[in-house]
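The values are calculated or read from the model by the stated rules, or taken from the named source; none is laboratory data. Since the structure is predicted, the reported quantities are computational estimates derived from the model, not experimental observations. All Cβ positions, even for glycine, are placed from backbone atoms using ideal geometry, and neighbour counts span all protein chains on display. Each accessible area value is taken on the protein alone, full model and side chains, heavy atoms only, with ligands, DNA and RNA left out. Shrake-Rupley method; radii C 1.70, N 1.55, O 1.52, S 1.80 Å.
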Amino acid sequence: MISSTMQDALNAQINLEQYSAQLYLAMSAHCSGKSFKGFAHWLTVQASEETAHAAKLIQFLLDRGGRLELKAVAAPPKEFGGVIHVFEETLAHEKSITGRISALFEQARQEKDHASEIALQWYVTEQVEEECRIGEIVDHLHAVGDQGGGIWYLDSKMGKRGRS
Ligand code: FEO
């Protein structure tokens with residue numbers, strides 16, 4: 001049986017993963033509104049991944065006999081500025097998620113909750129991959145800038161996510 005403190009912490013993380021999906025859907029719509037369909041597609045795929053992250057945690061919580069407490073998901077911002085800013089914000093958001101996962105992992109260790117620790121290892125690894133992947137996108141965007149042909153080339157590349 002999972003502790004009530006770990007149950008609360010996992011429920012909070014589930015809400016955060018759902019917020020991440022909301023945030024990336026809003027960013028996707030923002031990019032789409034600027035005709036950057038490739039960046040929009042990439043962010044929609046990312047939103048689906050976040051929903052999957054929440055679902056995986058929900059299943060783990062239920063498998064441990066925990067109680068799912070879904071809460072209202074916060075509304076994301078409405079304005080994001082240029083594409084570079086969108087991805088800088090994405091990276092900043094992922095770094096904050098990494099901090100939350102680390103805190104959860106630490107809590108599992110302190111509670112000697114080995115099952116949660118092992119389940120959370122997947123998220124620790126996932127955060128390394130996400131920060132790396134998004135950091136590269138930010139670097140590429142800084143290299144080409146918000147104007148000119150380079151950003152449209154990147155847009156077409158981003159549009160291939162999950163399609164090749
Ligand atoms: Fe669910 Fe992007 O971390």
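Mind checking which residues of segment 80-91 are more than 16 Å from the ligand (Cβ to nearest atom) and touching a Cys at 6+ places or on another chain (Cβ under 9 Å)?
Phe80, Val83
Please find, among Gly65, Gly33, the residue that is modelled with pLDDT of 95 or more, more than 10 Å from the chain's Cα centre (by Cα) and on the phi > 0 side of the Ramachandran plot.
Values: Gly33 fails: on the phi > 0 side of the Ramachandran plot.
None of the other options fit; the residue is Gly65.
Just for segment 134-148: of the residues that are open to solvent by less than 60 Å² (accessible area, probe 1.4 Å) and either among the β-branched types (Val, Ile, Thr) or part of a helix (DSSP H, G or I) (or both), which one is nearest to Leu10 (Cα to Cα)? Break it down into steps so the answer makes sense when it comes.
So in segment 134-148, the residues open to solvent by less than 60 Å² (accessible area, probe 1.4 Å) come out as 134-135, 137-138, 141, 144-145, 148.
In the following step, the residues that additionally are either among the β-branched types (Val, Ile, Thr) or part of a helix (DSSP H, G or I) (or both) were identified as 134-135, 137-138, 141, 144.
Working: Ile134: 25, Gly135: 27, Ile137: 30, Val138: 30, Leu141: 34, Val144: 40 Å.
Ranking the candidates gives Ile134 first.
Check Glu117, Glu94, Glu131 and return the single one that is touching a Lys or Arg at 6+ places or on another chain (Cβ under 8 Å), closer than 26 Å to Ile58 by Cα, without any contact (Cβ under 8 Å) to a residue 60 or more places away in the chain and within 12 Å of the ligand (Cβ to nearest atom).
Values: Glu117 fails: within 12 Å of the ligand (Cβ to nearest atom); Glu94 fails: touching a Lys or Arg at 6+ places or on another chain (Cβ under 8 Å).
Matching residue, one of Glu117, Glu94, Glu131: Glu131.
Of all residues in segment 89-119, which are surrounded by 16 or more Cβ atoms within 10 Å (Cβ to Cβ) and farther than 24 Å from Leu43 by Cα?
Leu104, Phe105, Gln107, Ala108, Asp113, Ser116, Glu117, Ala119
Which condition does Phe80 not pass, out of (1) part of a helix (DSSP H, G or I); (2) buried (at least 16 other Cβ atoms within 10 Å of the Cβ), if it passes all the others?
Only one criterion in (1) part of a helix (DSSP H, G or I); (2) buried (at least 16 other Cβ atoms within 10 Å of the Cβ) is unmet by Phe80, namely (1).
Looking at segment 1-31, which of its residues are open to solvent by less than 40 Å² (accessible area, probe 1.4 Å), more than 16 Å from the ligand (Cβ to nearest atom) and part of a helix (DSSP H, G or I)?
Met6, Gln7, His30, Cys31
Return only the number of the condition from (1) at positive phi; (2) at pLDDT 95 or above that Glu129 does not satisfy.
Evaluating Glu129 over (1) at positive phi; (2) at pLDDT 95 or above leaves (1) as the failure.
Go through (1) surrounded by fewer than 21 Cβ atoms within 10 Å (Cβ to Cβ); (2) touching a residue at least 40 places away in the same chain (Cβ under 8 Å); (3) of a type outside the set (Gly, Ala, Ser); (4) within 14 Å of the ligand (Cβ to nearest atom) for Thr51 and report which single condition fails.
Only one criterion is unmet by Thr51, namely (2).
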